[in-house]
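The values are calculated or read from the model by the stated rules, or taken from the named source; none is laboratory data. Keep in mind that what you see is a predicted model, and the values were worked out from it rather than measured. Cβ placement follows ideal geometry from the backbone for every residue including glycine, while neighbour counts extend to all protein chains displayed.
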């Protein structure tokens, strides 16, 4: 076994042997995921501990096993990330193959799922892992891929955003691409008493009791903020750095386009894209959305709390 490859995998997983299990499960955004195995030692990553659940039956049930050989299909992938993974359609659903030049030419992992994303199987190539070490088989990017695909079936959407529950009883969503100021915004609100940050980078949006709700995720950004909590979304702000604090109402059509541009979508699936677009349009028609040009200091928080003129 390649020692460098093995050390890379160990470092990436970084899980204590005292936390190994034969079944792991967690819930994010009201959707539960579980992996079971009779041969692979399993463990949750530390960031997932707050999201752990003991449910005997989850929305997506997966089995993990060892593989002696993995080979990428000869057909054209339905999507190539240009990085760690490619996806392929098959008779039963969708498969993901993960590989990196740092570990060799063969895929180090294969993950297969049915069309409804209720069942799956994960195969780990023996030569790239230490079987004595506990493993989190859904390590990035697979865990987010599963969430994105499950949500795209009509359950909601994952967005690039910071979610804040403030002490005035409101839920505010700050949306932005990388570098727009999500982590900065999270830190500013963290200094405001009575505020809870759901995440500083990834938020799940779902429809609940006629309202749009936002859910915290473990996939945090630079601020490292995440919480297993949720609340209704009262206002949405599209972040943009500015020379002063300025809140500008957005037309619903533009709001939908800007939100969709910051939403994670399954590019290979016309149905998934359609479901996600319809949901984003519903959000734009339901929740007031504003362009927020802001200064990276406490005056930005004060501007939001003063309300929209």
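Residue-wise test of (1) in the same structural domain as residue 175 (by TED's automatic domain parsing); (2) outside any loop (DSSP other than H, G, I, E, B); (3) touching a residue at least 60 places away in the same chain (Cβ under 8 Å); (4) under 22 Å from residue 183 (Cβ atoms).
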residue: 237; (1), (2), (3), (4): yes, yes, yes, yes
residue: 243; (1), (2), (3), (4): yes, no, no, yes
residue: 256; (1), (2), (3), (4): yes, yes, no, no
residue: 259; (1), (2), (3), (4): yes, yes, yes, yes
residue: 268; (1), (2), (3), (4): yes, no, yes, no
residue: 292; (1), (2), (3), (4): yes, yes, yes, yes
Worksheet item: Being farther than 14 Å from residue 171 by Cα and free of Cβ contacts under 8 Å to residues at least 24 places away in the same chain, is that true of even one residue in the stretch 213-230?
Response: no
Fill in: Long-range neighbours under 6 Å by Cβ, at least six apart or interchain, first residue under 20 Å from residue 230 (Cβ atoms) within the stretch 38-51, second assigned to a loop (DSSP other than H, G, I, E, B)
47/218; 48/218; 50/228; 51/218; 51/228
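Yes/no per residue for (1) at pLDDT 95 or above; (2) outside the structural domain of residue 129 (by TED's automatic domain parsing); (3) closer than 19 Å to residue 121 by Cα:
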| position | (1), (2), (3) |
| --- | --- |
| 14 | no, no, no |
| 35 | yes, no, yes |
| 43 | yes, no, yes |
| 51 | yes, no, no |
Worksheet item: Of all the residues that make up the stretch 201-225, how many are closer than 25 Å to residue 254 by Cα and either crowded, with 23+ Cβ neighbours inside 10 Å or in contact with a strand residue (DSSP E or B) (Cβ under 9 Å, 6 or more places away or on another chain) (or both)?
Response: 13
Discussion item. For a quick check of your reading of the model, give me the residue pairs whose first member lies in the stretch 149-175 and is on the phi > 0 side of the Ramachandran plot and surrounded by fewer than 23 Cβ atoms within 10 Å (Cβ to Cβ), whose second is at pLDDT 95 or above and part of a helix (DSSP H, G or I), with beta-carbon atoms closer than 8 Å and at least 6 apart or on different chains.
Written reply: 154/275; 154/279
Worksheet entry | Some residue of the stretch 179-200 being within 23 Å of residue 32 (Cβ to Cβ), modelled with pLDDT of 95 or more, buried (at least 24 other Cβ atoms within 10 Å of the Cβ) and in contact with a strand residue (DSSP E or B) (Cβ under 9 Å, 6 or more places away or on another chain) | yes
Worksheet item: part of a loop (DSSP other than H, G, I, E, B) and in contact with a helix residue (DSSP H, G or I) (Cβ under 6 Å, 6 or more places away or on another chain), is that true of residue 154?
Response: yes
Discussion item. Restricting to the stretch 51-71, give me the number of residues that are under 25 Å from the mean Cα position of the chain (by Cα), part of a loop (DSSP other than H, G, I, E, B) and buried (at least 16 other Cβ atoms within 10 Å of the Cβ).
Written reply: 2
Worksheet item: Got a number for residues in the stretch 273-309 being surrounded by fewer than 19 Cβ atoms within 10 Å (Cβ to Cβ) and out of contact with any strand residue (DSSP E or B) (no Cβ under 8 Å at 6 or more places or on another chain)?
Response: 14
Worksheet item: Out of all the residues in the stretch 260-279, which are more than 23 Å from residue 114 (Cβ to Cβ) and touching a helix residue (DSSP H, G or I) at 6+ places or on another chain (Cβ under 7 Å)?
Response: 260, 263, 277
